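Okay, so here's the structure we're looking at.
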Amino acid sequence: MHNTSKYAPTDKMSDLICGDYTLLQVLSRFDLPLGFGDKTVQEVCQENEVDCYTFLAVVNFLTEENDRMEDNVQGLSMPSLMNYLKQAHTYFLDFCLPTIRRKLIEAIDCSTENKVAFLILKFFDQYAGEVRKHMDYEGKMVFTYVDNLMAGRDTNGYSISQFARHHDPINETLTELKNIIIKYYPSQGNNHLLNAALFDIFSCEQDLASHCRVEDYLFVPAVRKLEKEGK
């Protein structure tokens, strides 16, 4: 890791989280529990058998908004990075998106006369379906490919470039969904529930964008490095 990185192994893990609470998601996806007292990042990672370099590479990448990470790929642990990405997929598909859907149903009038409410759920389900299809492909094709690559097994001619060429952000449907809610849903009375659901949609969109950036600028270069070493 470069000396200019925001966080270092000797920093207190509590300072890292208090400095940017969104890193709680990173903690969760590396299976790092809370309750670490005044321990350093290095100590918390060691106690939980997490590769500290990989953890900090993700943390610093997300907090520095820097897409030039080629130099930092050298020391990444692919098993740790893969586990992080898989945990992120589980979070989005099994927790985040279902939670938002429940909030939307509670917040809007789903009677048959309310066509806007029907559109909101339709667009949300379409978006959730796109995310699931996107992540299922990564799980079945990309992660399996990398597992085979690391184990020296046959990869059936697949390469990470095939994934990288078609790895586009999934946000068009979500933009339409947000516009419907903001511009056209005639909410009445208490708006707290609907605003909370909308806030979660914005947060999910940002989190997914960050997730895709980690795949594009950390994961893909790291896999390319593996491919070169394999050849």
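The values are calculated or read from the model by the stated rules, or taken from the named source; none is laboratory data. Here the structure is a predicted model, which is why all the values come from computation and not from measurement. Don't worry about glycine lacking a Cβ; one is built from the backbone with ideal geometry, like all the others, and counts go over all protein chains shown. Surface accessibility is based on the protein's heavy atoms, side chains included, excluding ligands, DNA and RNA. Shrake-Rupley method; radii C 1.70, N 1.55, O 1.52, S 1.80 Å.
Once the Cα-Cα distance is subtracted from the 0.36 nm per residue extended length, the Asp15 to Ile182 segment shows a gain of 56.5 nm. Looking at the chain, the accessible area is 55 square angstrom per residue; that uses a 1.4 Å probe and ignores ligands, DNA and RNA. Angle of helix 115-137 to the longest C-alpha principal axis of the chain, folded into 0 to 90 degrees and rounded to 10: 20°. Within a straight-line Cα-Cα reach of under 18 Å, Lys178 can be paired with the following aspartates and glutamates, leaving aside sequence neighbours fewer than 8 residues apart in one chain: Glu106, Asp109, Asp125, Glu130, Asp200, Glu205, Asp207.
Under the definition of Cα pairs under 8 Å and six or more residues apart, what whole-number percent is the relative contact order of the chain? Numbers along the way, then the final one.
Numbers: 187 pairs, mean separation 54.2, N = 231.
Rounded, it is 23 percent for the chain.
Cβ screening of the chain for cysteine pairs under 4.7 Å finds these without a partner: Cys18, Cys96, Cys110, Cys204, Cys212.
Inter-label distance, Gln46 to Met141: 4.2 nm, where each label sits 7 Å from its Cα along the C-beta direction. Label-to-label distance for Asn191 and Gln206 is 2.0 nm, based on points extended 7 Å past Cα in the beta-carbon direction.
Would you please give the FRET efficiency between Lys39 and Phe95, computed as 1/(1 + (r/R0)^6) with r the Cβ-Cβ distance and R0 = 22 Å, to the nearest 0.05? Intermediate results must be reported in sequence, preceding the final value.
Working: r = 27 Å, r/R0 = 1.23.
The calculated FRET efficiency here is 0.25.
Placing unit charges on each Cβ (+1 for Lys and Arg, -1 for Asp and Glu) gives segment 128-231 a dipole about its Cα centre, and among Phe219, Ser161, Met135 the Cα reaching farthest toward its positive end belongs to Ser161.
Applying a threshold of 27 Å to the alpha-carbon distances of Lys12/Lys133; Lys6/Lys103; Lys140/Lys228; Lys103/Lys133; Lys133/Lys228 flags Lys12/Lys133; Lys6/Lys103; Lys133/Lys228 as lying beyond it.
What is the chain by shape, rounded, prolate or oblate, if you read a ≥ b ≥ c off the alpha carbon gyration tensor as root eigenvalues and call it rounded for a/c under 1.5, prolate for a/b larger than b/c, and oblate otherwise? Because a/c hits 1.5 or more and a/b fails to exceed b/c, the chain counts as oblate. Each of Tyr21, Cys45, Ala88 was scored by the projection of its Cα onto the charge dipole of segment 4-127, and the greatest displacement toward the positive side belongs to Ala88; charges sit on the C-beta of Lys, Arg, Asp and Glu. Model label sites at Lys228 and Leu121, defined 7 Å from Cα along the beta-carbon direction, differ in position by 5.2 nm.
The gain in end-to-end length when the Asp216 to Asp154 segment is fully stretched comes to 19.9 nm, 0.36 nm per residue minus the alpha carbon separation.
Where the accessible area of segment 178-231 is counted over protein heavy atoms with a 1.4 Å probe, how much of it, in %, is carbon and sulfur?
The computed percentage sits at 53.
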